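Take a look at the structure set out below.
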Amino acid sequence: MSIIVIFLAVILGTTAIASGSLAPWVPTRRKDLRRIYRLASIRSGEIFYDLGAGDGRVAFYIARHSGGRVVGIELSLLFYLLCFVKRALSGVKNLSFRFRDIYGEDLTDADAVFVFPASRRALRGKLSEKLKQELKLGARVITYVFPIEGWTPDVVDKPDGQDVAIYLYKKWG
């Protein structure tokens, strides 16, 4: 009985920590996955990171539709285990998930990064600086709903008033 309590405490604890790290989990709308994929424009051999992967919805979509390698980073043990099991059952080979804090992940090999923060505030400071310092020239950053404060997007994808904005940034210098 005590092992179950400990396991549940770990799951709840990591989920709470993950929620405070970047955002509480809110799923990306399925109808927007194609737009995200188009903006990411992952080519064969490129690496795409989904920071705060949640249930893996974006990571799975990108992996299934591109020839690139996809890495989902998730701090909540519950969501990490969900993604781990879904990946094992799916047979998708170009997809992996890592159980860790996004701030501890080395992004220097990333060609594209996706972030769905809970607020504008989450894209200020620490995350913005990490992306500036670690991403190579030409890397793409896609943010869902919120722009990165102080950055100028190359594309704002918002087809109509009912759609949420998706922002694309390219690192050129």
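The values are calculated or read from the model by the stated rules, or taken from the named source; none is laboratory data. Quick caveat, the model's predicted, so the values are computed rather than measured. Glycine also receives a Cβ, built like all others from the backbone with ideal geometry; neighbour counts cover every protein chain displayed.
General observations
- Looking only at the stretch 18-36, and only at residues there that are modelled with pLDDT of 60 or more and assigned to a loop (DSSP other than H, G, I, E, B), the one that is surrounded by the fewest Cβ atoms within 10 Å (Cβ to Cβ): P27
- Qualifying residue in the stretch 102-113 (condition: among the hydroxyl-bearing types (S, T, Y) and more than 22 Å from R57 (Cα to Cα)): yes
- Taking the criterion of being more than 20 Å from A122 (Cα to Cα), without any contact (Cβ under 8 Å) to a residue 60 or more places away in the chain and assigned to a helix (DSSP H, G or I), the residues of the stretch 39-70 that qualify are R57, A59, F60, Y61, I62, A63, R64, H65.
Conditions (1) within 15 Å of the chain's Cα centre (by Cα); (2) at pLDDT 95 or above; (3) closer than 19 Å to A40 by Cα; (4) not aliphatic (A, V, I, L, M), marked per residue:
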{"position": "R69", "(1), (2), (3), (4)": "yes, yes, yes, yes"}
{"position": "F79", "(1), (2), (3), (4)": "yes, yes, no, yes"}
{"position": "V85", "(1), (2), (3), (4)": "no, yes, no, no"}
{"position": "A88", "(1), (2), (3), (4)": "no, yes, no, no"}
{"position": "G91", "(1), (2), (3), (4)": "no, no, no, yes"}
{"position": "F97", "(1), (2), (3), (4)": "yes, yes, yes, yes"}
{"position": "G104", "(1), (2), (3), (4)": "yes, no, no, yes"}
{"position": "A112", "(1), (2), (3), (4)": "yes, yes, yes, no"}
{"position": "A118", "(1), (2), (3), (4)": "yes, no, no, no"}
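- L135 fulfils the conditions (1) surrounded by fewer than 20 Cβ atoms within 10 Å (Cβ to Cβ); (2) out of contact with any Pro (no Cβ under 9 Å at 6 or more places or on another chain); (3) not acidic (D, E) except for a single criterion, (1).
Results for (1) at pLDDT 95 or above; (2) of a type in the set (V, I, T), shown as yes or no for each residue.
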residue: E134; (1), (2): yes, no
residue: L137; (1), (2): yes, no
residue: V141; (1), (2): yes, yes
residue: Y144; (1), (2): yes, no
residue: I148; (1), (2): no, yes
residue: P153; (1), (2): yes, no
residue: D157; (1), (2): yes, no
residue: I166; (1), (2): yes, yes
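- Every residue from the stretch 71-87 that is part of a helix (DSSP H, G or I), among the hydrophobic types (A, V, I, L, M, F, W, C) and within 12 Å of F60 (Cα to Cα): C83, F84
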